[in-house]
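Have a look at the structure below before the remarks.
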Amino acid sequence: MRSFLFVPADSDRKLAKGLGSGADALILDLEDAVALDNKPAARAGAVEFLNNRPTDSRQMLIVRMNALDTEFWQQDLAEIIPASPDAILVPKTISGACIATVCQHLTELEKQHALKVRSTKLMNVATETAASLFNLGSYGGVSDRLFAMTWGAEDLSADLGARSNRDAAGLYTAPYQLARTLCLAGAVAAKIMPIDGICKDFRDDQALEEEARDAIRDGFTGKLAIHPAQVPIINTVFTPSDADLAEAHAVVKVFADAGNPGVIALDGKMLDRPHLRQAEQLIARAQTTNS
């Protein structure tokens, strides 16, 4: 999955736009994009949208609940789960224990509404508080519901008391580069998808493309979007090109033809097992994208 588009769940117009955006997943937002007084309307909007999803749509429908330290999250789950979202996005998690708490409530609700237990997947935003940065290694093995992890800089900068999270050149400063790196490592260690955070300036296509290319270079498999116009750029960057695939297939073939040795030469370059693993992962990602 390449693109995850946030859509306020209290906006029928934006929900409709999301359907036609080409995003691999829509995140129906009950949290930051929704005013406090509008939380009930957002829940109702998400439920209606889920209950009326097009039968031929391939988009994953995810609902971002409110954080566990709010008064809203249990009501969010109680109203949303009967409408069978594909997944819940848990914001502001501190550690894997937060995922365990949500899992417990999901299991109870799935049983209560005669839904298949563990049918609701989970992803999380793992870096929105200072405390969370010390626990990025705690998500592995918590639940097979957890399929993806992403990171956020805006709430983290507020928690740290920072004046800005970017330098004069527009690049993330050291605390946020650290958060991004820890999210990537934490997700990979937990054997789930690492998803890069948002590009806040949705009018700057060049900045978005640069961020996306940096993300895929480092190992992220997808990226969050906050505007439908960002989706085609993200999809393009995270879709392996024909040249990338040709090179990956060549790497797999040369290893196979040689009996899968530890090291082999291809086009004047020495390749070892990590190169083979990277090639196999790229081919698998392309197959998932095209399925």
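The values are calculated or read from the model by the stated rules, or taken from the named source; none is laboratory data. Because the structure is a prediction, the values reported are computed rather than measured. Because the Cβ atoms are built from the backbone with ideal geometry, glycine has one as well, and the counts that use them run over all protein chains shown.
List of remarks:
- Single residue of Asp76, Asp12 found to be free of Cβ contacts under 8 Å to residues at least 60 places away in the same chain and more than 18 Å from Val102 (Cβ to Cβ): Asp12
- When residues of the range 234-247 are limited to those that are under 19 Å from Pro194 (Cβ atoms) and among the aliphatic types (A, V, I, L, M), the one surrounded by the most Cβ atoms within 10 Å (Cβ to Cβ): Ile234
- Matching option when the condition is farther than 26 Å from Ser143 by Cα, small (Gly, Ala, Ser) and assigned by TED's automatic domain parsing to the domain that holds Thr127, among Gly186, Gly222, Gly170: Gly170
- Inspection of the range 135-151 identifies no residue that is among the hydrophobic types (A, V, I, L, M, F, W, C), over 23 Å from Glu209 (Cα atoms), in contact with a Ser or Thr (Cβ under 9 Å, 6 or more places away or on another chain) and in contact (Cβ under 8 Å) with a residue 60 or more places away in the chain.
- Residue among Arg180, Arg285, Arg213, Arg217 that alone is within 26 Å of Val7 (Cα to Cα), within 21 Å of the chain's Cα centre (by Cα) and loosely packed, with under 14 Cβ neighbours inside 10 Å: Arg213
- Looking across the range 162-188, the residues that are assigned to a loop (DSSP other than H, G, I, E, B) and touching an Asp or Glu at 6+ places or on another chain (Cβ under 8 Å) come down to Asn165, Thr173.
- Taken together, Thr173, Thr120, Thr181 contain a single residue that is touching a helix residue (DSSP H, G or I) at 6+ places or on another chain (Cβ under 7 Å) and of a type outside the set (A, V, I, L, M, F, W, C), which is Thr120.
- Failed item in (1) free of Cβ contacts under 8 Å to residues at least 24 places away in the same chain; (2) in contact with a His (Cβ under 8 Å, 6 or more places away or on another chain), with Phe202 passing the rest: (1)
- When residues of the range 49-81 are limited to those that are acidic (Asp, Glu) and exposed (fewer than 14 other Cβ atoms within 10 Å of the Cβ), the one nearest to Thr129 (Cα to Cα): Asp69
- Residue satisfying all of: in the range 260-282; part of a helix (DSSP H, G or I) and more than 21 Å from the chain's Cα centre (by Cα); surrounded by the most Cβ atoms within 10 Å (Cβ to Cβ) among these: Ala279
- Consider the range 225-264 and keep the residues that are of a type in the set (Val, Ile, Thr) and modelled with pLDDT of 95 or more. The one that is farthest from Lys14 (Cα to Cα) is Val237.
- Check on Ala9, in the same structural domain as Pro228 (by TED's automatic domain parsing), crowded, with 19+ Cβ neighbours inside 10 Å, among the aliphatic types (A, V, I, L, M) and modelled with pLDDT under 95: no
- Screening Ala158, Ala185 for residues that are within 20 Å of Asp201 (Cα to Cα) and out of contact with any Cys (no Cβ under 8 Å at 6 or more places or on another chain) leaves exactly one candidate, Ala158.
- Among all positions in the range 57-76, there is at least one residue which is at pLDDT below 95 and hydroxyl-bearing (Ser, Thr, Tyr).
- Condition check for Lys191: in the same structural domain as Ile27 (by TED's automatic domain parsing), at positive phi and outside any helix (DSSP H, G or I): yes
- Among the residues making up the range 2-22, a single one is under 15 Å from Gly197 (Cα atoms) and not in a strand (DSSP E or B): Arg2.
- Taking the criterion of being farther than 14 Å from Val125 by Cβ and without any contact (Cβ under 8 Å) to a residue 12 or more places away in the chain, the residues of the range 152-168 that qualify are Gly161, Arg163, Ser164, Arg166, Asp167, Ala168.
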